[in-house]
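Let me begin by presenting the structure, written as structure tokens, before commenting on it.
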Amino acid sequence: MRKIIIAGNWKMYKTQEEALEFVQAFKSKIEDTDEARKIILCAPFTALGALSKGLHGSRIELGAQNVHWADEGAYTGEIAAPMLAEIGVSYVIIGHSERRQYFGETDETVNLRLKAAQRHGLTPILCVGESKAQRDAGETENIIINQLKKDLVDVDQHNLVIAYEPIWAIGTGDTCEALEANRVIGLIRAQLTNSNVTIQYGGSVKPDNIDEIMAQPEIDGALVGGASLDPTSFARIVNYQ
């Protein structure tokens, strides 16, 4: 069975204090949320320890925004999977377009990170998607198929979430039309050996478009950026109709 997973990606926002304030406000807004919907908060590394305690006993699960491929070593500034697992992190975003664009992430390093996460029981959220130039050139399908081929080498597809995030729709206010997002996510699913992988849509997901997005048959959830920073906004998304 495909799981419905709604994840908030806080990016480089929220101190520990702000993160805990969010949780206090958010918890009361999801008391009646369908139990079948998984809710994840992917916070900055500095807030993960505080959130792990603050979320204890709640239905909200904890995610990180990146992980290194080595279990330990001389990698200044990096975080290893055992460090995340120790503090109760269950999910980790890997290959987000901002990591690819600004920090030299490649499909090869994405693959290494995916396997490292899985070795330590973390569920990776793999991000794939095309740029505006690639879409305009009609390359969307080839770009995504090639990403998946390289990213998923020797990766266990039974412990995996994929997020389709068209780069041109991230933080721009432009949302991929729901029908088109559904088409591309169907294409992604066709490349997989496990058709029950949860595949999310990400890219300017907001309270006013979540219902249409989640009405699509291929879409199993959302990876939410800016709209996940406000507890009322994110609760509306989690409680989509």
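The values are calculated or read from the model by the stated rules, or taken from the named source; none is laboratory data. The structure presented is a predicted model; accordingly, all values stated were derived computationally and were not measured. Every residue, glycine as well, gets a Cβ built from its backbone with ideal geometry; the counts of neighbours run over all protein chains shown. Heavy atoms of the whole protein, side chains included, go into the accessibility calculation; ligands, DNA and RNA do not. Shrake-Rupley method; radii C 1.70, N 1.55, O 1.52, S 1.80 Å.
So here's what we get for this one:
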| item | result |
| --- | --- |
| Filtered residues of the stretch 133-152 (kept if among the acidic types (D, E), surrounded by 13 or more Cβ atoms within 10 Å (Cβ to Cβ) and without any contact (Cβ under 8 Å) to a residue 40 or more places away in the chain) | E139 |
| Out of V89, V110, sole residue that is outside any strand (DSSP E or B), farther than 24 Å from R37 by Cα, touching a strand residue (DSSP E or B) at 6+ places or on another chain (Cβ under 8 Å) and not charged (D, E, K, R) | V110 |
| Residue within the stretch 31-49 that is under 23 Å from A116 (Cα atoms), assigned to a loop (DSSP other than H, G, I, E, B) and open to solvent by 40 Å² or more (accessible area, probe 1.4 Å) present | no |
| Subset tally (residues that are modelled with pLDDT of 95 or more, under 16 Å from T172 (Cβ atoms) and touching a Leu at 6+ places or on another chain (Cβ under 9 Å)) for the stretch 192-233 | 3 |
| Cβ pairs under 9 Å, 6+ apart, first in the stretch 209-234 and hydroxyl-bearing (S, T, Y), second assigned to a helix (DSSP H, G or I) and surrounded by fewer than 18 Cβ atoms within 10 Å (Cβ to Cβ) | T232/A25; T232/K29 |
| Enumeration of residues in the stretch 51-70 that are at pLDDT 95 or above and open to solvent by 70 Å² or more (accessible area, probe 1.4 Å) | K53, W69 |
| Matching option when the condition is open to solvent by 40 Å² or more (accessible area, probe 1.4 Å), closer than 26 Å to I145 by Cβ, at pLDDT 95 or above and outside any helix (DSSP H, G or I), among G73, G77, G104 | G104 |
